[in-house]
Amino acid sequence: MVLQDLGRRINAAVTDLGRAPTLDEKAFDGMLKEISNALVEADVNVKLVANLRKTIKNTVKFHELPPHANKKRLIQKAVFDALVDIVNPHQNAYQAKKGKSNVIMFVGLQGAGKTTTCTKLARWYQARGFKTCLVCADTFRAGAFDQLKQNATKAKIPYYGSLTQTDPVVVARDGVEKFKKEKFEIIIVDTSGRHHQEDALFAEMVEIQSAVQPHQTVMVLDASIGQAAEAQSRAFKETADFGAIIITKTDGAAAGGGAISAVAATHTPIVFIGTGEHLLDLEKFNPESFVSKLLG
Ligand code: GDP
């Protein structure tokens, strides 16, 4: 189910309620059930969905509504707020500061979209007047440096990497040191992923982190990851303590409910979403506008 379908289904459930001959508690419960089913089918964590249902019920307090209350409006607002709450961890992400070197390190599994997103984010900061560069510390995947080089060249962003150095910690440290000396304001470090979470990847992440001391660590999650997102993001959180999430491929066939559940599992804000393969396909994430757009 794609994201828009999820939105449409939730919207339809609320609209149908407004059209019901009598807006009674049975119709209200039916709407809650339909919204819950849609969310579960979109891979949102079952416990989160149960909580959302409870929250909406407790907010609306159907029994206590005065006879002439605008029930539909109240219910609509409760649904909207509860959905916003799912994607809002009430934590602020790191804000990059002009005039200093902000080091941002990316982590995530191979294929999640790290390398692509690094360049997108670099371009985003560059367009906002930051002196921006990229460091490729992915020495694991053959071709990773070439890919970053090509992307960076296209976006006219200075980059650092090595074709001969096989130790990613050395590459990361050298690159960050060089760019710090050159007074770059945004230094984005791409690291390697693996096909699966594994000890070697986690050990490497920790070593790179202690070598470059990032101001922000960003976890990249593929929207199609489904229910696996929670365990994965928890494991990454325990090891790399990332402070922000970027969900990629939101333009794809997955509704992204799993990736969205990672927010609640790790109390970490989504900062951007990837909306395509191109350099400009990156949108700043805001819980309210995301839900508004979802519901159309
Ligand atoms: P990495 O292994 O994590 O560095 O992943 P890559 O950056 O190489 O991305 C893997 C694939 O996902 C590439 O084909 C990218 O073009 C694609 N990709 C990344 N982000 C997005 C996105 O937001 N939308 C779409 N449709 N494709 C994406």
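The values are calculated or read from the model by the stated rules, or taken from the named source; none is laboratory data. Keep in mind that this is a model prediction, so the values were computed, not measured. We place every Cβ from the backbone using ideal geometry, glycine too, and count neighbours over all the protein chains shown. Calculation scope for accessible area: heavy atoms of the full protein, side chains included, ligands and nucleic acids excluded. Shrake-Rupley method; radii C 1.70, N 1.55, O 1.52, S 1.80 Å.
Can you confirm whether the stretch 275-284 contains a residue that is more than 15 Å from residue 92 (Cβ to Cβ) and open to solvent by less than 10 Å² (accessible area, probe 1.4 Å)? No.
Annotation note: of 69, 96, the sole residue that is over 30 Å from residue 277 (Cα atoms), small (Gly, Ala, Ser) and surrounded by fewer than 20 Cβ atoms within 10 Å (Cβ to Cβ) is 69. Here residue 120 meets the list (1) within 16 Å of the ligand (Cβ to nearest atom); (2) open to solvent by 20 Å² or more (accessible area, probe 1.4 Å); (3) among the charged types (D, E, K, R) almost entirely, failing just condition (2).
Table: residues versus (1) within 16 Å of the ligand (Cβ to nearest atom); (2) at pLDDT 95 or above.
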| position | (1), (2) |
| --- | --- |
| 227 | no, no |
| 231 | no, no |
| 236 | yes, no |
| 241 | no, no |
| 246 | yes, yes |
| 251 | yes, no |
| 254 | yes, no |
| 260 | yes, no |
| 266 | no, no |
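Within the stretch 183-203, the set of residues being open to solvent by 20 Å² or more (accessible area, probe 1.4 Å) and in contact (Cβ under 8 Å) with a residue 40 or more places away in the chain comprises 183, 185, 195, 196, 197. Report, ordered by the first and then the second residue, all pairs with beta carbons closer than 6 Å, sequence separation of six or more or different chains, a first member in the stretch 66-84 that is modelled with pLDDT under 90, and a second member that is basic (Lys, Arg). So the pair list comes out empty. For the stretch 210-242, the tally of residues that are touching a helix residue (DSSP H, G or I) at 6+ places or on another chain (Cβ under 9 Å), polar (S, T, N, Q) and open to solvent by less than 40 Å² (accessible area, probe 1.4 Å) stands at 3. Checking the stretch 134-152 against the condition returns no match, with no residue being more than 16 Å from the ligand (Cβ to nearest atom) and either farther than 21 Å from residue 212 by Cα or of a type outside the set (A, V, I, L, M) (or both). Scanning the stretch 30-62 for residues that are of a type in the set (D, E, K, R) and assigned to a helix (DSSP H, G or I) gives 33, 34, 41, 47, 53, 54, 57.
Checked against the criteria, residue 169 counts as outside any strand (DSSP E or B) and either at pLDDT 95 or above or more than 27 Å from residue 269 (Cβ to Cβ) (or both).
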